[in-house]
Amino acid sequence: MKRIIWLFLLSLVTLLSFSQSFKGTVTDTDGKPVPYAALYLREMKSGLTTDEHGRFQTKLSAGQYTCEVSSLGFISQTFTFQMLNRDYEKDIVLAERTYSLPEVSITKGNEDPVYAVMRKAIARAPYYRTQIKSYTAGTYLKGTGKGIAIPAVLKLSKEVRKDAKEWLGKLFVLEQQQIVNFTAPNIWNNKVLANKNSFPEEIQVDMGITTVNLYTSELFGKVSPLNKNAFSYYRFKLDACFVEEGQMINKIRVIPKKDDNRLLEGDLFIVEDLWCISAADVNVRATGLKAKIKITCKEVQSSVFLPVSITTSSTIDIMGFKAEASYLAAIHYREVKTDIQPETNTDTTTKPVVTTTAMVQPKKHKFERPARIGRKDTQVDSLADKRDSLYWTTIRNVPLRLEEVQSYQYKEEKIALKDSSPGEKSGKKTVVGQVLNTIMWGKTFRTSNKSAWLTLPGLSAYIPEYNFVDGFWLGVKLKTGVKLSESSTLRFVPSFYYTTARKNWIGQGELTLDYVPRNRGYLSLSGGLMSADYNSESGESRLINSMSSSLFGHNHLKLYENTFFTVDHAIEPANGLLFSSSLSWQRRKMLDNHIRKSWFKRDAEPNIPENTAFRPMPENDILKASFELEYTPVHYYHMSQGKKVYEASRYPTFALKYDRAFPMSGSRYLTSYHLMQFSAKQKIEFGMFNRLYWSVNAGSFFDAKNLQFPDFKHFASTRILVTERSFDTGFSLLDNYALSTNTRWTQANVSWYTPYLLLKHLPFLSRKAFDEALHLRSIVIYGRRPYTEIGYSIGFSDRARIGVFAGFDCLKFHSVGVSLSLPLSLFGDQ
């Protein structure tokens with residue numbers, strides 16, 4: 001009995017020693033709460049954040065602690081306290097900081113001192129970006145969201161109105177406790193120890209990476225004020241200097257030069273001599289989104305400042321949807337490892353910064369860079385969703401508000417009601433729903449070790465095409481594969497379809513081996529019988545043609561039957577140098593329309609390409625080989641999921657291609673030729689979000705005999721209003737086959753994209769997300785007059801644009817028209 005009593009007393013003492021609360025409020029001198037103030041416990045390297053009412057709480061073991069309390073705009077406060085075997089509550093009063101800035105006289109030839117500060121901070125950014133070798137941190141995360149309104153048109157649906165009542169105006173909460181292990185350059189291993197949320201089950205909320213690197217070239221998806229080209233995007237103003245914890249802090253106001261959503265604004269607090277960031281208070285905008293982000297950094301080691309508190313508050317207002325959200329993270333560093341110590345006494349603007357990566361280990365691959373999007377592995381503790389209220393009380397950094405408590409209670413009541421209601425048909429409904437979802441959107445099935453997979457397509461792949469030659473295509477396209485090793489994958493993509501008008505089966509299969517990923521090794525065997533476009537290299541989208549044929553009777557694509565077998569291979573003998581080769585046998589024959597009218601009774605166009613050089617093609621065979629060298633100098637890359645991904649290059653990409661159709665014995669082999677082509681292209685970014693794309697292409701046939709129309713050189717051209725192609729290539733006012741040639745040619749394209757050209761200078765359009773562009777395209781074909789198009793477009797990069805174009809034969813006006821570029825293939829599996 002005594003032993004039991006002693007064990008009970010020992011357990012009680014142990015429990016008490018770890019269960020004391022340190023809590024309180026942070027207010028200003030007028031007694032008003034200071035929301036999102038940062039508290040930092042030096043001994044624990046741990047950060048806390050107050051809620052919007054200035055309240056905080058945490059659990060501490062017995063001992064002595066030093067606490068730093070800070071909030072932007074207030075004088076920080078440091079105090080020491082002793083945790084005994086009872087709770088410790090303290091109300092903290094922060095005095096508002098009165099900023100003082102010595103009067104600086106800026107005369108001609110003298111530089112504003114803020115630019116000296118920023119130049120040093122920008123020069124040190126590469127060092128601080130890679131300063132941390134690894135760390136382990138515990139985090140407490142809390143996010144909230146509330147729907148405010150939905151579009152009026154959706155309210156017309158009774159079902160939508162009913163569902164909206166369930167969540168409109170209600171606050172939803174998510175809390176998480178994580179252990180974060182970071183290893184440079186960007187490997188994250190997170191373990192979720194506790195997870196609790198009141199969001200509806202159909203809404204998946206991911207807290208993401210729980211800290212931020214303030215020294216990257218992009219910050220929160222915007223151009224960073226510490227970007228090497230920051231002076232092109234921002235103006236800076238030194239608002240104040242003050243001493244905090246014995247260090248001089250420069251408060252720098254960041255002012256965008258343009259009212260652009262790709263820029264941020266706010267304040268940076270930069271530590272004198274170290275030239276690192278001690279805090280940031282910034283505002284970011286996107287279409288329909290406004291967010292305010294506050295970050296507090298503390299010196300967790302000598303000269304090592306890391307974020308210990310992150311808070312955000314945001315509003316969303318887009319197309320009638322209105323919502324608000326908030327997020328806070330309190331970070332506790334358990335272990336931090338760095339590689340080198342900064343040089344605090346040297347002028348870093350005149351000395352090159354040696355980065356961590358170069359000092360840790362020599363590069364095995366000269367042009368390889370760390371992936372910008374790092375590897376993130378997240379494990380969830382089996383007890384994460386089962387933590388009780390006592391556990392949460394222990395780890396919470398801020399107490400729950402009444403509204404948040406009610407949100408949890410509401411979800412628990414709904415779960416209890418659902419569990420108690422009869423569910424005889426729920427299983428059948430779930431199965432039917434899964435089947436319908438698979439048919440509509442497709443699904444990938446994988447083996448337990450994920451080394452093999454089978455992908456069923458979405459609905460669009462079962463009826464992918466309609467044209468006047470074939471009618472509807474009815475069938476399926478499957479994708480399957482197996483991972484043979486860490487560096488090789490075998491994939492097989494079969495497809496087979498029945499054509500309703502031609503009443504014939506068509507299909508193809510492609511077997512592909514990917515190997516030696518750093519050298520982009522690729523070997524493919526393909527074959528089948530298909531209805532092929534005469535312009536197979538740059539023809540218009542089959543999806544666009546299906547819509548045009550069925551609705552308007554314009555079958556812009558002209559088709560022939562192609563039975564083929566092809567072997568393709570590609571490999572990089574050196575970085576940036578890709579050698580491709582192929583050998584192909586084909587049997588071609590012409591096809592006629594089997595449908596004479598569109599759905600709206602318009603006559604179908606004949607299945608004959610519009611080109612003066614076109615001649616009816618007899619059934620024929622061809623054996624041809626292709627060889628191509630493509631080279632981009634100094635082409636950096638990173639590895640992502642075992643694949644080589646090239647980054648944007650500062651140099652053009654050059655290509656040289658040779659095609660040879662062999663003269664063969666036999667009555668079907670009619671064609672032989674040599675074709676040589678040269679091309680170059682490049683994208684150049686300059687100034688403030690300006691982008692220039694240019695490309696040239698030239699080539700010639702020689703020793704050509706009996707060329708058939710599929711063997712001609714074809715170009716990207718269309719007179720359809722809607723196209724899937726980018727405006728960077730091709731022509732917008734000519735038929736698909738108008739420029740096809742069997743002689744020689746030279747082509748050039750130039751596009752200049754800029755955020756401010758004409759319309760964006762209008763005040764009510766200046767904040768809109770679209771950009772503007774000018775386009776120039778020209779082609780010279782032997783025996784024809786030069787043809788040129790000029791145009792102006794607006795849109796969202798090269799993803800969706802609308803433009804007006806004018807065409808000229810030599811200097812004579814040809815036509816004018818409007819074109820819309822839309823990537824419709826994103827909405828279906830072709």
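Just so you know, all these numbers are worked out from the coordinates, no wet-lab data involved. Model, not experiment: these values are computed from the prediction. Glycine gets a Cβ as well: all are built from the backbone with ideal geometry, and neighbour counts include every protein chain shown.
A few comments on the model shown:
- For residue 161 and residue 21, the difference between the fully extended length at 0.36 nm per residue and the C-alpha to C-alpha distance is 45.9 nm.
- Cα convex hull of region 121-241 - mean projected area over all directions, nm²: 12.1 nm²
- Taking only Cα atoms of region 416-561, radius of gyration then Dmax in Å: 20.4, 64
- For region 477-562: relative contact order, % (alpha-carbon pairs under 8 angstrom, 6 or more apart): 20 percent
- Label-reachable residues, region 503-532, where backbone N falls under 11 Å from a point 7 Å from residue 641's Cα toward its Cβ: none
- For the chain, size of Cβ-based charge dipole, Lys and Arg +1, Asp and Glu -1, in debye: 1180 debye
- Segment residue 799-residue 29, extension gain: residue separation times 0.36 nm, minus the distance between their alpha carbons: 271.9 nm
- Kirkwood hydrodynamic radius of region 113-395, Cα pairs, Å: 21.1 Å
- In the chain, excluding the sites themselves, the longest stretch lacking any of the chymotrypsin sites (Phe, Trp or Tyr not before Pro) that are in a DSSP loop with at most 12 other Cβ atoms within 10 Å is 100-598.
- Rg [Å, one decimal], Dmax [Å, integer] - region 704-830, C-alpha atoms: 16.5, 61
- Summing Cβ point charges (Lys, Arg +1; Asp, Glu -1) relative to the Cα centre of region 113-395 gives a dipole of roughly 780 debye.
- Percent of Cα pairs exceeding the 20 Å cut-off, where the set is region 544-615: 55 percent
- Remark: spin-label model distance residue 273-residue 529 equals 8.3 nm, labels positioned 7 Å along the Cα→Cβ axis.
- P(r) weight above 23 Å for region 500-654, C-alpha pairs, percent: 55 percent
- Between residue 505 and residue 88, the modelled labels are 8.1 nm apart [label points 7 Å from Cα along Cα→Cβ].
- Full extension of the chain between residue 437 and residue 416 yields a length gain of 4.8 nm, computed as 0.36 nm times the residue separation minus the alpha carbon distance.
- Computed Kirkwood radius, in angstrom, where 1/r is averaged over Cα pairs of region 612-701: 16.9 Å
- Estimated FRET transfer efficiency when R0 is 22 angstrom, pair residue 393-residue 79 (beta carbons, to 0.05): 0.35
- Region 113-395, relative contact order in percent, only Cα pairs under 8 angstrom and at least six apart counted: 26 percent
- In the chain, the DSSP beta bridges split such that about 95 percent are antiparallel, to the nearest 5.
- Rel. contact order, % - alpha carbon contacts under 8 angstrom, at least six apart, the chain: 8 percent
- Nitroxide proxy distance, nm - points 7 Å out along Cα→Cβ at residue 448 and residue 229: 5.2 nm
- Rg and Dmax [Cα atoms of the chain; Å; Rg one decimal, Dmax integer]: 32.8, 110
- Sorted from longest to shortest, the spans of the Cα atoms of region 462-827 along the three principal axes equal 66, 56, 44 Å.
- Taken as entire DSSP H runs, the helices of the chain that both span 20 Å or more between Cα atoms along their own long axis and average 1.0 or more on the Kyte-Doolittle scale are 2-18.
- Fraction of the pair-distance distribution of region 760-830 above 21 Å, Cα-Cα pairs, percent: 45 percent
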